[in-house]
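This report refers to the structure that appears directly beneath it.
The values are calculated or read from the model by the stated rules, or taken from the named source; none is laboratory data. Bear in mind the structure is a predicted one, so any value in this text is a computation, not a measurement. Cβ coordinates were reconstructed from backbone atoms using ideal geometry, including for glycine residues, and neighbour counts include every protein chain displayed.
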Amino acid sequence: MKKSLFFCVFVVLILSLSAQTVKPLYPNVAKSGWFYNFKTYPMDKGDGNEDENQYVFRDNFDEFIVYTINKSGKVSASPVVEIPDDYRLRNQFQTNNEIVAIYSIFSKGLEKYYINTCDKKKMSWKPEQLTTMDCEKKDNCYSGVSVSPNKSHFCIMGLTTDKKKNFKDMLVMVFDAQGQKIWENAVAPDFSNKTFEITDITITDQGVVYLCIHAYSGEKKKTYDEKVYIIEVKETDFMQVETSKSIGYITAAGMTLLKNGNVFVGGYYSEKMNENVKGSFSIMFNPKEQTISNFSNQDFPASFSKNDIESLGFDQIIELSNGRIVLLGEQLTVVQYYSQNGGSSYKYYAKNIIYTAFSSNGDIETHKIIGKNQAFASFVHITDFKRLCLSFDAFEKNGNLYLIFNDHVGNINSTKKTLSTINPIMQKGKCIVKLVKIDGDNESSQIVFDGKTNKKSMHTFLFAEDNSILFFNLGKMVSLDKVNINYK
């Protein structure tokens, strides 16, 4: 393990209310009272896609819609396609000619996978079944779906264990973007006498699949000798490598393909299961050499309190254009309350963002806390915090990382140790949209949207182009708005 030096962090905090030019692009999307019934996804074009339009995929609880935004800002909507209300959306992406949604439906021990394509020119939907996987009642079944960076391939993985969590079988299938199966491979990695869990799955543009799995053998003794495994799956064979040491218990992790072809795994660990997160780790796998070239782990700084990292979960990994790799996590908590008549209510909290920076070879360089404090109360149980206007989004611009999220106006220039809590839906008059810029070790922030002035709050961030950003907003109606900003 290589240890990197900590650099002194010079933090510059700039809070300024930028002149806002807000242009509603689609002012009548839906009534805001049903905000949690849908989620929107910006469609990444991928390499080689020459389509000048921007597309937004909207996932309701029982239907799909695609919004098209042309260069002049005009927005149009596709026909609505109805989906069974027990479906599970697995992924969505765009090709040169189509918007593609992959989803599954589980019933009576069978999980059926479907592909539903929307023709960009005709704006018509075409559903087709991809495959079916068996899951007997006595078994535990797990699955994963991943799309390649250039959107030319996607894969479906199905894993079955018995009730004691012993491995039974694993099937990996690779398809082209149109849903034609290219190959499948039944693989049997070795996890004898170990408790294991699949952390993430990804696929390359060439159709090679990688699985990240962590496993340990000391569950009965309440001790953990956990190691991380990377499995490479091709059409006719597979290869399994493991880390040379253990770091306790892996609490959360994710995987991404780097531009140089390496596979990067980043996440968090603790001493034991159900204990607070202790630090972050990274693994760099070199496919050409078939080896783990670097394994780095580091405890969080002593300045991080227990409250700063409690309930910390993995969010995403971003490779910046300068080669730096960033791991982002977030504190997410749900508290359930019971009434005397047997009813339930829920309180959702989305708090601090934890930022970990790695060098291009995977060494940990620094940790940061980006403070926020969002909350929402509901009688409905929602697993996805972003449906509630909580959480955050991230993007890169001019080599810098930007984080965007709803915040309380009272936190501007506040010196209080505890940040004011914002309910973005119910407190639009006190809600602002904050844009945090991280440039190396420097941090600054600015306000890009004022809820009191516009009587709206941000539902979902979508695009960042030129000097403007697009996102769904909640007001009396749900709107798709373009906001011009002056990046500081």
(request) Under 6 Å between Cβ atoms, at least 6 apart or on separate chains: pull out the pairs that start in the range 250-263 with a residue that is over 16 Å from SER359 (Cα atoms) and end on any residue that is outside any strand (DSSP E or B) and at pLDDT below 95. (result) ILE250/GLU226; THR251/VAL277
(request) Would you mind stating whether SER104 is within 21 Å of the chain's Cα centre (by Cα), at pLDDT 95 or above and either closer than 22 Å to ASP205 by Cβ or aliphatic (A, V, I, L, M) (or both)? (result) no
(message) For the range 172-198, give me each residue that is touching a Phe, Trp or Tyr at 6+ places or on another chain (Cβ under 9 Å) and of a type in the set (S, T, N, Q).
(response) ASN185, SER192, THR195
(message) Conditions first: (1) at pLDDT below 95; (2) buried (at least 20 other Cβ atoms within 10 Å of the Cβ). HIS381 passes all but one, so which condition is the exception?
(response) (2)
(request) Output the residues belonging to the range 344-381 that are assigned to a strand (DSSP E or B), among the charged types (D, E, K, R) and under 25 Å from ASN406 (Cα atoms). (result) LYS347, LYS351, LYS368
(request) Grab the strands (runs of 3 or more DSSP E) fully contained in the range 84-133, keeping just those with 2 or more residues being in contact (Cβ under 8 Å) with a residue 40 or more places away in the chain and among the β-branched types (Val, Ile, Thr). (result) 98-107, 110-119
(message) Need the failing condition index for PHE61 against (1) in contact with a helix residue (DSSP H, G or I) (Cβ under 6 Å, 6 or more places away or on another chain); (2) at pLDDT 85 or above, just the number.
(response) (2)
(message) Would you confirm, using the coordinates I've provided, whether GLY207 is in contact (Cβ under 8 Å) with a residue 12 or more places away in the chain and touching a His at 6+ places or on another chain (Cβ under 7 Å)?
(response) yes
(request) Go through the residues of the range 266-282 one by one and say whether even a single one is crowded, with 20+ Cβ neighbours inside 10 Å, closer than 25 Å to ASP237 by Cβ and in contact (Cβ under 8 Å) with a residue 12 or more places away in the chain. (result) no
(request) Name the single residue, out of those in the range 134-151 being in a strand (DSSP E or B) and among the charged types (D, E, K, R), that is modelled with the lowest pLDDT. (result) ASP139
(message) So, in the range 174-196, how many residues would count as being free of Cβ contacts under 8 Å to residues at least 24 places away in the same chain and either touching a helix residue (DSSP H, G or I) at 6+ places or on another chain (Cβ under 7 Å) or of a type in the set (D, E, K, R) (or both)?
(response) 2
(request) Go through the range 283-310 and give me each residue that's free of Cβ contacts under 8 Å to residues at least 40 places away in the same chain, more than 29 Å from LYS372 (Cβ to Cβ) and part of a loop (DSSP other than H, G, I, E, B). (result) LYS288, GLU289
(message) Residues to consider are THR460, THR383, THR418; find the one that is farther than 21 Å from GLN316 by Cα and either free of Cβ contacts under 8 Å to residues at least 40 places away in the same chain or among the β-branched types (Val, Ile, Thr) (or both).
(response) THR418
